Every structure is written in C-alpha cells, then in structure tokens.
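First up is the structure itself, then whatever we jot down about it.
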Amino acid sequence: MRRLPDDFNVNILLPGAVWLLISVLIGQVSVSRLETDAITVVLFVIISLVVFVVPMAVYMEYRKKVEQWPGLKARKNTVVSPSDNKSSDSITPAVDSPESTIRFPQDFPDALKGSRTMAFMDALRQEGFLDVEYRPLEGCNATLMAFIADSIATICNIHRQWKIFGDYWHLSNMRQLLDAKNRRGSKADKEDIVIGIFQKVAEADGNICNTDAYRSWVKNVQG
C-alpha cells in the first residue's frame with residue numbers, strides 16, 4: 001500500500017480527523033435534549049457536517065494561499081541541508097527547487113538565503129564585487145561593502161545586518177565606516193555602480209520594486 005506523504009498526514013489528515021471528532025461531539029450536544037427519532041438523527045448529521053465542512057473548507061483555502069506567499073516560497077526554494085561530514089569549505093546546493101542554481105557555502109547565514117536577498121547577491125557576484133562564496137573580492141572597499149550590507153538589509157528587511165554580514169564577510173566596524181561616510185555626506189568608491197545594479201535587479205522583480213522598503217531605499221540614496 002502506498003504511503004501517504006508526511007505533509008498530507010500532518011497538515012490535512014490529522015487536523016481533519018481531530019475536527020471531525022469535535023464536529024460529532026458538537027452535533028451530539030446540540031441534539032442531546034431532543035427525543036431520539038429520525039428527525040433528531042437527520043438534524044445531528046446535518047449539524048455535524050456543517051460544523052465539519054465549513055471550517056475545513058476555510059482551512060484548506062487559507063492553507064493554499066499561505067503557501068503561495070512570496071516569503072514562504074523563498075524559504076522553500078532556498079532551504080539547505082548541509083552534511084555534517086563535509087568540510088567547512090564545501091559548497092552545498094539549494095534544494096527543493098529544480099530550477100535553482102544557487103549554491104551556498106556551509107557557513108552561509110540563513111538570514112541571507114531569501115530569494116530577494118540572493119537576487120542582489122548574485123548580481124554583485126556577476127559584477128565582480130563578490131566571489132563564488134558571496135564574499136567580498138580582495139581589494140573591495142570596506143566602506144562600500146558596508147553600504148551594500150545596509151542597502152540589502154533595508155530592502156529585504158534583514159535585522160542585525162552588521163553581525164550577519166560582518167561575521168560572514170570577516171569585516172568589522174562596517175557600521176562605523178558607513179556612519180562616518182554619511183556624516184561627511186560623501187559617497188563610497190563605486191557606490192553609484194552598486195546603486196545602478198540594485199535598481200536593475202529590483203526593476204526585474206516585482207516582489208522587490210513594489211515594496212515600501214525598496215521605495216524608501218531609493219528615496220534615501222537619491223536624496
């Protein structure tokens with residue numbers, strides 16, 4: 001006999017069985033004071049079915065819509081299952097997405113694995129700012145990398161960006177470097193190039209360019 005998928009068992013079969021039991025109990029309580037006859041049995045069946053079917057229909061519809069949310073799709077498409085017996089320098093491919101070509105180093109931060117974040121990271125790698133492991137290429141300006149980290153965090157709603165990027169990129173004091181640049185009112189070397197790259201990425205992805213976070217970032221860098 002074919003085994004049912006775990007997702008079906010956990011998200012559909014189990015909640016359905018529990019709610020069916022609750023529906024039967026509600027139906028029984030509803031007709032408990034009535035005489036036991038054919039009308040009572042029919043009423044019991046109708047009440048139980050209504051109590052069971054309506055909430056389950058709402059649950060199934062809600063569940064389908066939740067699974068279609070961009071944030072959840074991004075997490076599904078970029079989940080990584082690193083093996084404990086691999087070296088720290090090995091690179092693990094993203095799973096659950098046949099079309100994905102993203103390959104993550106084992107120590108790559110989970111907070112950066114979203115589809116929007118990786119769109120910017122891939123573009124930076126293609127343009128020669130990051131290497132194959134999404135780390136700054138030798139000679140990259142630390143102030144510019146601070147601007148890049150803060151921009152990605154702003155657009156993609158990433159918190160604790162200085163800790164996340166600083167640890168992975170092995171760069172310290174990025175926040176202080178960016179604050180100093182902003183106080184001077186100057187731009188980092190190649191900052192305009194990065195802004196242009198980010199705008200092209202956003203224009204190609206409606207899930208990025210139509211967000212308030214991206215509009216706020218554009219207004220800030222152009223102001």
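What to note about this one:
- Net charge in the neighbourhood of SER186 (other residues with Cβ under 14 Å of its Cβ; Lys, Arg +1, Asp, Glu -1) is +1.
- Near LEU130, the amide H atoms lying under 5 Å from its own belong to ARG125, LEU137; only residues 5 or more places off or on other chains count, and H is placed 1.01 Å from N.
- Using only side-chain charges placed at the Cβ, +1 for Lys and Arg and -1 for Asp and Glu, the dipole size of region 138-223 relative to its Cα centre rounds to 300 debye.
- Rounded to the nearest 20, the size of the Cβ-charge dipole of region 183-223 about its Cα centre is 260 debye, with Lys and Arg at +1 and Asp and Glu at -1.
- Protection proxy ranking for 41-48, 154-161, using the average of other Cβ atoms within 10 Å per residue and placing the highest first: 154-161, 41-48.
- As a length-normalised measure over Cα pairs under 8 Å and 6 or more apart, the relative contact order of region 124-187 settles at 28 percent.
- Multiplying the residue separation of ALA213 and ASP122 by 0.36 nm and subtracting their alpha-carbon distance yields 30.8 nm.
- Under 5 Å, built H, 5+ apart or other chain: amide partners of LYS190: none
- Share of carbon and sulfur in the accessible heavy-atom surface of region 143-223 [1.4 Å probe, %]: 44 percent
- A straight chain from LEU20 to ARG33 at 0.36 nm per residue would run longer than the Cα-Cα distance by 2.5 nm.
- Cut-off under 5 Å, modelled amide H: who pairs with PHE104 long-range: THR92, ALA94
- Probing with 1.4 Å while keeping every protein chain in the model, the per residue accessible area of region 132-175 equals 48 Å².
The values are calculated or read from the model by the stated rules, or taken from the named source; none is laboratory data. A quick note: this is a predicted structure, and the numbers were derived from the prediction, not measured. Note that each Cβ is placed from the backbone with ideal geometry, even for glycine, and that neighbours are counted across all protein chains shown. We work out accessible area using only protein heavy atoms, side chains counted, and drop any ligands, DNA or RNA first. Shrake-Rupley method; radii C 1.70, N 1.55, O 1.52, S 1.80 Å.
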